[in-house]
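Worksheet: one structure, shown below.
The values are calculated or read from the model by the stated rules, or taken from the named source; none is laboratory data. It should be emphasised that the depicted structure is a prediction, and the values quoted were computed from it without experimental measurement. Here the Cβ is made from the backbone with ideal geometry for all residues, glycine too, and neighbour counts use every protein chain on show.
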Amino acid sequence: MKILGIETSCDETAVCLLEAQGDVSTAQFKVLGNALYSQIAIHKEYGGVFPALAKREHAKNLVPLLGQALKEADVLLPIQSERTNDSEKNSEKSPNKSTEFLQTLAAKKSQLQTLLEREIGLFEDFWQFINTYDRPAIDMISVTMGPGLEPALWVGVNFSKALAIAWNMPVYPVNHLEGHVLSPLIEAHQLQKIAFPALSLIISGGHTELVVIKDWLDYQVIGQTKDDAVGEAFDKVARMLDLPYPGGPEISKLAEQFNEQKRREIKEKYNVVFPRPMIDSKDFDFSFSGLKTSVLYFIKKIKDANPDLATNLSPELKSVIAEEFQNAVTDVLVYKTEKAFDEFGVKNLILGGGVTANTHIRTAFEKMILQSPHIHLIIPPTIISTDNAVMIAVAGYFNFLLGRHSRTDFKAVGNLSL
């Protein structure tokens, strides 16, 4: 089965073509084509994602990325309206999109135009593409319907519906968080480790959730952030330290600068210690707003007490602040997760979300698992930790295998829960 994956939940526009086979216990995947456009450079000047710009960029880039992914998969073929011989008609590489099909497509033009009319320029690009290239050998479309930035989500949702109508194929709406949960399964050896109940920690720019997975697609959210998500907290602290967006990679990089002895001296000199919020609470919820505020007050206190640092903190002190902040976040994540092991009797820990690309956090969980040998740690490859279309296609395949139905009446839902 070939699945077209589409992701537009935030500031990544992504399209992929994935080949999938097997059932839920033997599923195997092969990425045939994968195209992604990151909008980071555009949003940097705002210090975060500007929704109207994200929406515009998705509309501008979806058609080129679709062409790129299909070309990489070698299924992007020009339409041939008239076939000259039987061998060409029967060619597996050239699906027969006849003149009759083009006439049918023309009859759908008004419907497609209405569907895409809110996205500037998207219909024109879409219409030209759909009338230039043959219907590819694709079995289904899988698209993110939420959660995320609703204006951004709608672009991908309407684009997938338009493709489904034009190419007459089923479309499966997918929960973005479910994509993160299932993303490690792109690697066959990870699927072999899965046993239920499992625990998933989703950490990203917009989400921090602890989820018990009772069975395939059966979730119980046991903990979530009360305020800022992990990635959001990283971005805000990065701004306090005059670091560019996105803040996560910059904080991680800064925390490793200078040797350990130098950092220890600076830490002791300025007493750089931040709280571990909610680490002793009896639940599994998180809160990072207070930690962020502690960093803000600490920087103000240091600048007030040290005139030489009033204009700008020294690079060494910034490094120590970044390190202590990162350690505080990691300590809370690890402690809460480990606490859930015994209470829920889980057999696997699945990490998902863009923050799992943080080397310090990944290493901390790897060390934690060494103390719990009965728990298997499952982490996605770094390349698909952040938002991507591959995880959406994987999630779509599992929805298909487990009897979920394709539909075209779904909407983009910004606050969709797992």
### Message
Filter segment 101-133 down to the residues that are charged (D, E, K, R) and farther than 23 Å from Y172 by Cβ and list them by number.
### Response
K109, E117, E124, D125
### Query
Is it true that some residue in segment 165-186 is of a type in the set (G, A, S), touching a residue at least 24 places away in the same chain (Cβ under 8 Å), in contact with a His (Cβ under 8 Å, 6 or more places away or on another chain) and not assigned by TED's automatic domain parsing to the domain that holds F286?
no
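Taking segment 28-66 as the region of interest, how many residues are small (G, A, S), crowded, with 18+ Cβ neighbours inside 10 Å and either in contact with a Phe, Trp or Tyr (Cβ under 7 Å, 6 or more places away or on another chain) or more than 26 Å from K161 (Cβ to Cβ) (or both)?
Number of matching residues: 0.
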### Task
Those residues that are farther than 18 Å from L122 by Cα and over 18 Å from the mean Cα position of the chain (by Cα), I need them from segment 42-69; list them, please.
I42, K44, E45, Y46, G47
### Message
For the structure I just gave you, tell me whether T330 is under 20 Å from H376 (Cβ atoms), assigned to a helix (DSSP H, G or I) and β-branched (V, I, T).
### Response
no
### Query
What's the number of the condition V390 fails, among (1) farther than 10 Å from P173 by Cβ; (2) touching a Phe, Trp or Tyr at 6+ places or on another chain (Cβ under 6 Å); (3) surrounded by 24 or more Cβ atoms within 10 Å (Cβ to Cβ)?
(2)
### Selection count where residues are under 30 Å from the mean Cα position of the chain (by Cα) and either under 20 Å from D331 (Cβ atoms) or not assigned by TED's automatic domain parsing to the domain that holds S314 (or both), scope segment 254-279
9
### Task
Tell me which residues, restricted to segment 165-185, are aliphatic (A, V, I, L, M) and within 23 Å of the chain's Cα centre (by Cα).
V171, V174, L177, V181, L182, L185
### Summary
Taking segment 386-418 and the residues there that are within 18 Å of A162 (Cα to Cα) and of a type in the set (K, R), the one that is modelled with the lowest pLDDT would be R407
### Message
Suppose the filter is aromatic (F, W, Y), farther than 22 Å from T382 by Cβ, in contact with an Asp or Glu (Cβ under 8 Å, 6 or more places away or on another chain) and outside the structural domain of P78 (by TED's automatic domain parsing); does F196 pass it?
### Response
yes
### Query
In segment 377-412, how many are in contact (Cβ under 8 Å) with a residue 60 or more places away in the chain and either closer than 16 Å to I6 by Cβ or of a type outside the set (A, V, I, L, M, F, W, C) (or both)?
25
### Message
If I279 meets every condition in (1) closer than 21 Å to D11 by Cβ; (2) β-branched (V, I, T); (3) in contact with a helix residue (DSSP H, G or I) (Cβ under 8 Å, 6 or more places away or on another chain) apart from one, which number is that one?
### Response
(1)
### Summary
In segment 335-374, residues that are over 18 Å from G205 (Cα atoms), aliphatic (A, V, I, L, M) and either touching a Ser or Thr at 6+ places or on another chain (Cβ under 7 Å) or not in a loop (DSSP other than H, G, I, E, B) (or both) total 6
### Odd one out for D308, checked against (1) surrounded by 16 or more Cβ atoms within 10 Å (Cβ to Cβ); (2) at pLDDT below 90
(1)
